[in-house]
Amino acid sequence: MVIGRVAGNLLATIKKPELEKYKLFVIEPEKAGTHLKNPGYFAAIDLVGAGIGDRVIVLTGSQVQNAVSDKVPADAAIVGIVEAMNIKNKK
Amino acid sequence: MVIGRVAGNLLATIKKPELEKYKLFVIEPEKAGTHLKNPGYFAAIDLVGAGIGDRVIVLTGSQVQNAVSDKVPADAAIVGIVEAMNIKNKK
Amino acid sequence: MVIGRVAGNLLATIKKPELEKYKLFVIEPEKAGTHLKNPGYFAAIDLVGAGIGDRVIVLTGSQVQNAVSDKVPADAAIVGIVEAMNIKNKK
Amino acid sequence: MVIGRVAGNLLATIKKPELEKYKLFVIEPEKAGTHLKNPGYFAAIDLVGAGIGDRVIVLTGSQVQNAVSDKVPADAAIVGIVEAMNIKNKK
Amino acid sequence: MVIGRVAGNLLATIKKPELEKYKLFVIEPEKAGTHLKNPGYFAAIDLVGAGIGDRVIVLTGSQVQNAVSDKVPADAAIVGIVEAMNIKNKK
């Protein structure tokens, strides 16, 4: 899963109706902490009540469907808020 | 989901028939706003009536199937048009 | 979907039998036009009769299964031949 | 699968309940050994009792579902601990 | 699919049992020939009897499930051995 920061939010009135009930956040993967292709911002729905500035765990791809009960047109979803990240093997 | 801009469109007469009923747009992921590997252009179908120049939210991968009722041979689909992107945690 | 060019083909006698009936092409994603991780060559099956040199639309990932009726061990498939790509928002 | 090192762990009290029973590790894909886009850290659940510093094999994407019996909101899971990696074709 | 070379193998006694019956190879995507994010090594199971040094076709993601009959915790599998790669459109 991506480790990133909630950098902001998106306003999109015209969108698939199934996205209505979800907040759309802008995620900035942590420089050191992303397994996504290009660590620029990307959009994710929120499933745990995250807020702007939170360090979060973002589930990506079709596994998102395991975190929601309805069919959601989303490929990135916040599934955890990180309190601490202990890195012991810094290069 | 990718945050990008509709940069243009594709003309492809020879294609899988199931793609016929969809507009094929060329998406340019925003420099800062893409979770795709290499933010060059890529092709996506449109599901919300986007137009050239719009800033859009693009669903990728097999979750595209959650945004359409029929089986579609597409791995990227526009699912929202962005009116505003508020970034509060600029590095 | 990837926008790329058919750069050549692959000869592979030893392969999964389900790949037998498909041509195996080498795709070079367009410099500006790829949403794959690393726009080097990659292999794809052909579903629309493409030829070497054609600019093509390549479906990737498990959505490939929506473009074929049988179970195919492929994660990239040509689903369209591009006649024109109109880019209106060149940076 | 990714070849990487368990670099540390994550503390996240607020998370999807289905993640409760899994340890959340921070994985650093090996410089030379990752097929992830940007080999920064990423988060993975552990399925084989790995520990900090172990070199591990990490399954990514929806295939994670084949390694667990319940529906898990995770897209990366440790499925093996590497004792030796014999590379014979160094460039 | 990735075009790469079998660069070596992995020894991992502690691993998911379903991986037992498969050889675990280290794949080096060809510099020019990978559509994976970061063409470092990655791990794949072998389905066609490949050997070290072979140039191979590697299926990635959940489509791997189409190449095996049982549920396998793998996201990369060798599905072909390349005899020749004819590139006609070198840039």
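The values are calculated or read from the model by the stated rules, or taken from the named source; none is laboratory data. In this text the structure is predicted, and so the values were computed from the model without any measurement. Ideal geometry is used to build each Cβ from the backbone, glycine not excepted, and the neighbour counts take in all protein chains shown. Surface accessibility is based on the protein's heavy atoms, side chains included, excluding ligands, DNA and RNA. Shrake-Rupley method; radii C 1.70, N 1.55, O 1.52, S 1.80 Å.
Which net charge results when you count Lys and Arg as +1 and Asp and Glu as -1 among the other residues whose beta-carbon is under 9 Å from that of A:Tyr41? List each step's numbers first, then the result.
Details: positive: none; negative: A:Glu28, B:Glu30.
That sum, taken over residues with Cβ under 9 Å, equals -2.
Here the protein assembly as shown has 51 percent of its accessible surface on carbon and sulfur atoms, given a 1.4 Å probe and all protein chains in place.
In debye, nearest 20: dipole of chain A around its Cα centre with unit charges on the Cβ of K, R (+) and D, E (-)?
Values: 12 positive and 9 negative charges, 75 e Å.
For this selection, approximately 360 debye.
Annotation for the D:A interface, with buried accessible surface near 3000 Å², both sides summed [1.4 Å probe; non-protein components not counted]. Its Cα centre serving as origin, the protein assembly as shown has a Cβ charge dipole (Lys and Arg +1, Asp and Glu -1) of approximately 1360 debye.
Near D:Ala50: Cβ cut-off under 11 Å, other residues only, Lys/Arg at +1 and Asp/Glu at -1. The net charge is +2.
Among rounded, prolate and oblate, which fits the protein assembly as shown when a ≥ b ≥ c are the square roots of the eigenvalues of its C-alpha gyration tensor, a/c under 1.5 means rounded, and a/b larger than b/c means prolate? Mind showing how you got there, number by number?
On the way: a/c = 1.63, a/b = 1.00, b/c = 1.62.
Because a/c hits 1.5 or more and a/b fails to exceed b/c, the protein assembly as shown counts as oblate.
Amide H contacts for E:Tyr41 (H built 1.01 Å from N in the peptide plane; partners 5 or more residues away or on another chain; cut-off under 5 Å): D:Gly33, D:Thr34.
Can you give the mean number of other chain Cβ atoms that lie within 10 Å of the Cβ atoms in peptide A:41-49? Display every interim value, and only then the final one.
Details: counts 11, 13, 12, 2, 1, 0, 3, 4, 1.
Partner Cβ neighbours, averaged per residue: 5.
Accessible area per residue of the protein assembly as shown at 1.4 Å probe, in Å²?
Working: 15840 Å² over 455 residues.
Dividing the accessible area of the protein assembly as shown by its residue count gives 35 Å².
The H on the amide N of C:Ala12, modeled in the peptide plane, is under 5 Å from the matching H of E:Glu83, each at least 5 residues off or on a different chain. The tail of the calculated P(r) for the range C:2-81, taken as Cα-Cα distances beyond 19 Å, holds 30 percent of the pairs. Taking amide hydrogens as placed 1.01 Å from N in the peptide plane, the amide H of B:Val56 sits under 5 Å from those of B:Gly4, B:Arg5, B:Val6, B:Val82, each at least 5 positions away in sequence or on another chain.
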